[in-house]
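Visitor: Take this structure, written in structure tokens, and hold onto it; I'll ask about it next.
The values are calculated or read from the model by the stated rules, or taken from the named source; none is laboratory data. Everything quoted here is computed from the prediction, not taken from an experiment. All Cβ positions, glycine included, derive from the backbone under ideal geometry; neighbour counts span all protein chains shown. We work out accessible area using only protein heavy atoms, side chains counted, and drop any ligands, DNA or RNA first. Shrake-Rupley method; radii C 1.70, N 1.55, O 1.52, S 1.80 Å.
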Amino acid sequence: MDLISTTQALRDACDRLAAQSFVTVDTEFMRETTYYPKLCLIQMAAPDGTGVLVDPLADGIDLQPFVDLMADEGVVKVFHSARQDLEIIWLMGGLLPQPFFDTQVAAMVCGYGDSVSYEQLVNDVAKAKIDKSSRFTDWSRRPLSDAQLSYALSDVTHLVTVYEKLVADLVRDDRGQWLDEEMAVLTSPDTYRADPAQAWRRLSGRMRKPREIAVLMEVAAWREREAQTRNVPRGRILKDEAVIDVATSAPRNVEALGRLRSIPAGFERSRTGTDILAAVERGFARDVGEIALPERGRGRSGGNGALVELLKVLLKAVCETEGVAPKIIATVDDLEAVADDDAADVPLLQGWRRELFGSKALDLKHGRLALSAEGGRIVVRSLA
């Protein structure tokens with residue numbers, strides 16, 4: 001099994017693939033010890049049976065031909081659960097593949113369940129089995145074994161059949177437009193820009209005090225910049241628990257920082273300790289009046305818990321009838337928002353989601369629709 005290791009061989013392969021209507025793509029990478037993913041292997045396949053394995057770690061190889069193929073608007077680029085693959089391409093070439101198709105998202109629209117795995121989709125659609133024994137091997141070590149290469153190639157060859165079947169299903173059911181919103185998120189550069197100023201959001205949790213959030217903003221941003229600069233995981237700089245402890249305790253001197261249980265002994269007197277204390281001071285310098293607090297859960301806090309539970313039942317019933325995964329229609333937060341407000345600014349009250357489910361949700365809320373159980377199934381009846 002040939003592994004492309006030169007720029008010319010890669011260019012030749014990408015030229016052949018560019019003549020195809022679509023190409024399936026996957027990557028193998030490592031990021032256990034780095035902030036940014038380390039690309040270790042690129043796999044591609046086309047409907048004519050062409051299969052390509054590329055070694056990004058080969059001495060002297062220039063991956064620009066691959067980047068150019070990803071930018072070729074005449075070829076559909078097909079991935080499964082593409083977010084991390086697209087992040088790698090964004091970091092590599094500053095672009096995102098267009099046109100683009102994610103089979104995991106399409107599978108949700110076609111009724112294969114929420115976030116269906118590639119293995120399950122291959123089993124259900126391509127009627128094939130994948131040997132997963134090489135899945136968690138070290139892809140950075142060379143040489144790669146035949147088993148690793150065979151597994152890697154199967155990740156894209158079976159995807160050809162999966163893609164063709166899903167496209168046929170989408171055309172048959174006239175659901176192509178349903179994918180647009182999800183694909184737009186995946187192909188937005190904002191999805192892959194790791195802005196240190198936004199790093200606090202994933203840690204804010206139940207914080208409600210403006211001063212705590214102000215400190216969290218600065219400490220989280222400092223940690224993110226450090227991790228990016230040193231290309232190490234965030235936890236190597238400071239654990240999440242410690243960032244939260246610093247934000248809630250707001251230590252303003254070495255002794256106070258050293259008293260935090262989540263801070264390793266002696267850490268407070270290191271350069272990192274000095275940086276943390278400086279970040280805390282920047283947090284105190286912020287105008288807390290300009291800080292927007294994280295929004296609280298809506299439905300549960302508003303006494304609409306029972307209605308939200310009914311909306312969940314309705315969502316499941318509608319999705320079973322229509323053959324679509326609930327996750328792509330509405331989240332629990334969406335349901336809570338609709339329970340509180342008929343005009344909530346949520347996806348399920350817009351476009352095809354409103355037509356499929358949102359209008360029914362409002363009808364249930366206002367007594368124009370009823371749910372009953374018959375033969376072990378939920379039946380939806382209009383009372384209008």
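Visitor: All but one of (1) open to solvent by less than 20 Å² (accessible area, probe 1.4 Å); (2) farther than 22 Å from Asp48 by Cβ; (3) assigned to a helix (DSSP H, G or I) hold for Gln104; which doesn't?
Guide: Status for Gln104: all satisfied but (1).
Visitor: While we're on this one: Does segment 351-373 include one or more residues that are polar (S, T, N, Q), within 23 Å of Met108 (Cα to Cα) and surrounded by fewer than 13 Cβ atoms within 10 Å (Cβ to Cβ)?
Guide: no
Visitor: From the list Gly49, Gly74, which residue is exposed (fewer than 15 other Cβ atoms within 10 Å of the Cβ) and on the phi > 0 side of the Ramachandran plot?
Guide: Exactly one residue qualifies, and that residue is Gly49.
Visitor: Select from segment 43-97 the residues that are among the aliphatic types (A, V, I, L, M), in contact with a Cys (Cβ under 8 Å, 6 or more places away or on another chain) and over 20 Å from Ser150 (Cβ atoms) and list them in ascending order.
Guide: Result: Leu69, single match.
Visitor: Which one of these does Arg261 not meet: (1) open to solvent by 60 Å² or more (accessible area, probe 1.4 Å); (2) touching a helix residue (DSSP H, G or I) at 6+ places or on another chain (Cβ under 7 Å); (3) assigned to a loop (DSSP other than H, G, I, E, B)?
Guide: Here Arg261 clears every test but (2).
Visitor: Are there helices (runs of 4 or more DSSP H) fully within segment 138-242 with at least 2 residues that are surrounded by 21 or more Cβ atoms within 10 Å (Cβ to Cβ)? List them.
Guide: In segment 138-242, 146-173, 210-230 are the helices (runs of 4 or more DSSP H) which contain 2 or more residues that are surrounded by 21 or more Cβ atoms within 10 Å (Cβ to Cβ).
Visitor: Determine which single condition Ser21 fails, assuming it passes every other condition in (1) open to solvent by less than 30 Å² (accessible area, probe 1.4 Å); (2) in contact (Cβ under 8 Å) with a residue 40 or more places away in the chain.
Guide: (1)
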